[in-house]
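Remarks on the structure that follows.
The values are calculated or read from the model by the stated rules, or taken from the named source; none is laboratory data. Being a predicted model, the structure only gives us computed values, none of them experimental. As a convention, Cβ positions derive from the backbone with ideal geometry for all residues, glycine included, and neighbour counts pool all protein chains shown.
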Amino acid sequence: MSRQRSLKLALTLIAVVLTLVLASGGMFVARGADPIKIGFGMALTGGLSANGKPALLALQIWKDDVNKKGGLLGRQVELVFYDDQTNPATIPGMLRKVGSGAQKS
């Protein structure tokens with residue numbers, strides 16, 4: 001692909017993205033009432049729990065710090081985490097829960 005054609009393609013893509021953003025009329029503005037939920041799996045039990053527990057603590061400290069400063073985009077942060085039990089077989093089901101927005105029970 002020639003340099004001129006690559007430049008033309010890049011400018012066209014930028015124009016399309018800008019048009020979509022401007023045409024959205026603020027559709028991408030965050031709603032202040034709904035928290036931003038971050039879902040993930042973490043080894044809290046099993047062989048890797050010695051690493052998972054401190055990592056979860058660090059994420060909780062980060063979340064508390066962010067929320068004290070007003071959150072992300074004006075929205076509070078909520079962590080939704082699942083124990084993967086250091087077992088790879090639990091991951092597909094856990095990811096389905098996270099992807100579907102299911103709350104931790």
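So here's what we get for this one:
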{"item": "Flag for L22 being in a helix (DSSP H, G or I), at pLDDT below 65 and more than 21 Å from the chain's Cα centre (by Cα)", "result": "yes"}
{"item": "In segment 46-79, residue farthest from G101 (Cα to Cα) [restricted to those that are surrounded by 12 or more Cβ atoms within 10 Å (Cβ to Cβ) and among the β-branched types (V, I, T)]", "result": "V66"}
{"item": "Residues that are aliphatic (A, V, I, L, M), in contact with a helix residue (DSSP H, G or I) (Cβ under 7 Å, 6 or more places away or on another chain) and more than 23 Å from D34 (Cα to Cα), drawn from segment 52-105", "result": "none"}
{"item": "Positions within segment 86-102 being assigned to a helix (DSSP H, G or I), in contact (Cβ under 8 Å) with a residue 40 or more places away in the chain and of a type in the set (S, T, N, Q), in sequence order", "result": "T90"}
